[in-house]
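Report on the following structure.
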Amino acid sequence: MVENLYKTYIANPLVKTRLFARLHPNHLTLAALVLGLLTLALYKLPPLAALTLALSGILDTLDGPLARHKGLASDTGSLLDIFCDRIVELCAIFTLYAIAPTRALPCMLMIASSLLCITSFLTVGIFSQNASEKSFHYSPGLIERFEAFLFFIAMLLVPSLFTPLAYLYSVLVLFTALSRMRSFLKICFHRQEKGD
């Protein structure tokens, strides 16, 4: 709901302005990557790290709409976007670890749950017919990138809440992965029963 409103009223109109006239979607993808890497470099300054992470997330929401607006959507662009997104997410978690290495276990759990979630996302996408505006099948979940960034930014800005937020994030991301797999398997079993 929020994502659709954002795309309709902010992202889509914004990429049609003169500000984006000479930009290629991959420029935004790479700029988001650089800001994500900068987040890790700024781990000793958590408020600035949170700002660069937020800016990275904002740029990442614009590369797809810009690609579709300019007719430049492509498999290579999608690949670059997905790959860079994962790097930025890892940078966010590594930043949280670098701030306090005693956070190793919660950070490892966040990485593990994210790994399972992206695996479920990609495998369901491979075996599902695409019906979205994206260049691949997109199966939404409880925790999307927007929600993940809210968690990361909150953990950076309110360190006293890091541990409960990290465990909550891990549980919700794992739930997203499992619910996505469950929904897909139900569809598969239903098809088998119908003899498709």
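Taking other C-beta atoms within 10 Å as the exposure proxy, Ile143, Ile99, Ile82 rank Ile82, Ile99, Ile143 from fewest upward. Per-residue extension of 0.36 nm, minus the Cα-Cα distance of Lys16 and Phe127, leaves a gain of 36.6 nm for this segment. Our coupling estimate for region 69-81, obtained by passing each phi through the Karplus curve with A = 6.51, B = -1.76, C = 1.60 and θ = phi - 60°, is 4, 8, x, 10, 4, 8, 5, 5, x, 5, 4, 4, 5 Hz, Gly and Pro reported as x.
Taken over region 2-194, lysine pairs spaced eight or more positions apart, or on distinct chains, with alpha carbons under 27 Å apart number 8. Computed from label points 7 Å out along Cα-Cβ, the spacing between Leu48 and Lys7 is 3.5 nm. How high is the FRET efficiency from Leu161 to Cys188, r the C-beta distance, R0 35 Å, rounded to 0.05? Once rounded, the FRET efficiency stands at 0.35. In terms of other Cβ atoms within 10 Å, Val173, Val124 run from fewest to most in the order Val124, Val173.
Each stretch of four or more DSSP H residues adds -39500 (n - 2.57); spread over every residue of the chain, this sum gives -25000 deg cm²/dmol at 222 nm. Extending 7 Å from Cα along the Cβ direction at Phe146 and again at Leu168 yields two label points whose distance is 1.8 nm.
Relative to the present Cα-Cα distance, how much length would full extension add between Leu55 and Arg86 at 0.36 nm per residue of separation?
Values: separation 31, 0.36 × 31 = 11.16 nm, distance 1.58 nm.
Extra length from Leu55 to Arg86 when fully extended: 9.6 nm.
Between Asp63, Asp85, Asp75, the Gaussian network model of the chain with springs among Cα atoms under 10 angstrom shows the greatest mean-square fluctuation at Asp75.
Every number in this text was worked out from the coordinates using simple rules, so none of it is lab data. As the structure is a computational prediction, the values presented were derived from the model and not from experiment. Cβ: placed from backbone, ideal geometry, glycine included. Neighbour counts: every protein chain shown.
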